[in-house]
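**Q** Pasting a structure below so you can have a look.
Please treat every number below as a calculation from the coordinates, not as lab data. Everything quoted here is computed from the prediction, not taken from an experiment. Counting neighbours? That spans all protein chains shown, and the Cβs are built from the backbone with ideal geometry, glycine included.
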Amino acid sequence: MHYLLDLFSILCIGAFLFFAPALAAIAIRRSLSASWHVIFLVLCILYAFAPLLLGATGLQLAEQFNCTVDITIYTCVDAPQYEDWITGLTFAPWGLILTIPSGAFGATGLLVSLNAIQKAERYQLERPPVYFYRNPRRKAIAGICSAIAQSSNFPLLGVRAAAIFSMVWAPMIIPALYVWIWLAFPLRPESTDHGDNHEPTN
């Protein structure tokens, strides 16, 4: 039972962390219109600061029902049935640890994609240009490290070592960013595969 609770907690943390990047991935991969990008961008910003709104709501309810707090537990004489809800709401701002990185990742992806859409409309391109393609060759998992190595002329082994070190240093954020890039950016088409001959080999 203890392991099931731990697994449930990990799944909940992952869901909170991936929510905004998932919105961005949907907009990017499905090539949604600029208006949908703006809607998703607003949702990401609201999601990032939602715990603050929930905390403020809890404090307002506590004042409305004349609640008193004993360390962290609220006691409400006028509405005892709401004590647990109010206590939970006042703890909501701790969720900023997850929602702010999530919202930042999602908003960044949407802004990059929105900029590409605007450039496509300005120059009458058939489709928005993609600034980053995952590399289908020499990929270990998703082709992200090899794409970074090729575009930056860094050694592939060095990029992978840096990625592993970053995952150890920030085990919650870096893997989330890796999965988001995996979902949000496509593999490079063979027709645009011009740089493989110059790809770093170590």
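**Q** Between Ile73 and residues 5 or more places away or on another chain, which pairs have amide H atoms under 5 Å apart, with H built 1.01 Å from N, and which residues are they?
**A** Counting only residues 5 or more places away or on other chains, the set is empty.
**Q** Arrange the following residues from fewest to most other Cβ atoms within 10 Å of their Cβ: Ser151, Ser102, Ser33.
**A** Ser33, Ser151, Ser102
**Q** Around Val69, what is the net charge, scoring Lys/Arg as +1 and Asp/Glu as -1 over all other residues with Cβ under 13 Å from its Cβ?
**A** Net charge in that neighbourhood comes out at -3.
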